[in-house]
Structures are given as C-alpha cells and as structure tokens.
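Data block below; observations after.
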Amino acid sequence: MREIAPKQQRAILALLESPTIQKAASQVGISEATLYRWLSNDAFKEELKATKQKIVGHAIARIQNATGLAVDALVEILGDKNSPPSTRVAASRVILEITNKAVEIEELQSRLDRIEGILRHKGNDK
C-alpha cells in the first residue's frame, strides 16, 4: 500500500468523526475541493477503507466481549419471578431466536462443508 501524508491521515480521521465532508475539511484546515480530490485518490481510498475496517473490527470485538454479560442479563430476567411477565417473555423470545439462528447457521455450515468436500473430490478426479 502506498503511503499517504500526515494531513491526509488526519483527514481520514476527520471524515470518520464528522457528519459532513465540509466539517471534516474544516477540521483538518483544507478546502472541500482538496478533500474531494483526495477521496478520488486510490491510496487515500485504500487507507480510508482500511481505517474503517479497523474501527468496525474493534467495535465487533467489543460487542463479542459483552456477549456473556448480555446472556447473563437475559437469563437473570428470565429467572426473576418478580419481573413483569412481558419482560420475561421478551427475554425468552430473544434467547429462543438467537438459539434458533445459531442452529440454522450450524446446519448451513455443515451443508456447505459437505458440498465443498464433494467439489474437492470431483476436482481431484480430473
């Protein structure tokens, strides 16, 4: 990947933090035209995409780390006889929906693995 200038790196962060291109450009001290020109530059676009992916990856990791707490909260609500019935039903629904989706994903993965195995086997026969 090609290097980008420090000001372009600041522009990438400003783009990710600002609600508009105008505000991002102003934050960095450049014109909107300059920022639009940078946005058409391949190296800048690659760095912007990579930075977005890092941020999303970090957010996903944080969500995954909180999964245990979320499950604990749902189980606690479900088991609390003093919780309103509607709250307990909502917790039950969430648990059942997630469980069902996990089973579906496991079944699909199993089917995909079998299909890939068949295709590999057929590819080796040639």
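The listed peptides 72-78, 83-89, 103-109, ordered by packing as a protection proxy, come out as 72-78, 83-89, 103-109 (highest mean of other Cβ atoms within 10 Å first). Evaluated over the chain, the count of Lys pairs having alpha-carbon atoms less than 29 Å apart is 13 (only pairs 8 or more residues apart or interchain).
For the chain, the 222 nm mean residue ellipticity estimated from helices alone, with every DSSP H stretch of n ≥ 4 adding -39500 (n - 2.57) and the total spread over all residues, rounds to -29500 deg cm²/dmol. Pull out a ≥ b ≥ c, the square roots of the eigenvalues of the alpha-carbon gyration tensor of the chain, then state rounded if a/c is under 1.5, prolate if not and a/b is larger than b/c, and oblate in the remaining case. Because a/c hits 1.5 or more and a/b fails to exceed b/c, the chain counts as oblate.
What is the Cα centroid distance between the stretch 4-19 and the stretch 55-126, reported in whole angstrom? Going from one Cα centre to the other spans 36 Å.
Readers should treat all values here as calculations from the given coordinates under stated rules, not as data from a laboratory. The structure presented is a predicted model; accordingly, all values stated were derived computationally and were not measured. Ideal geometry is used to build each Cβ from the backbone, glycine not excepted, and the neighbour counts take in all protein chains shown.
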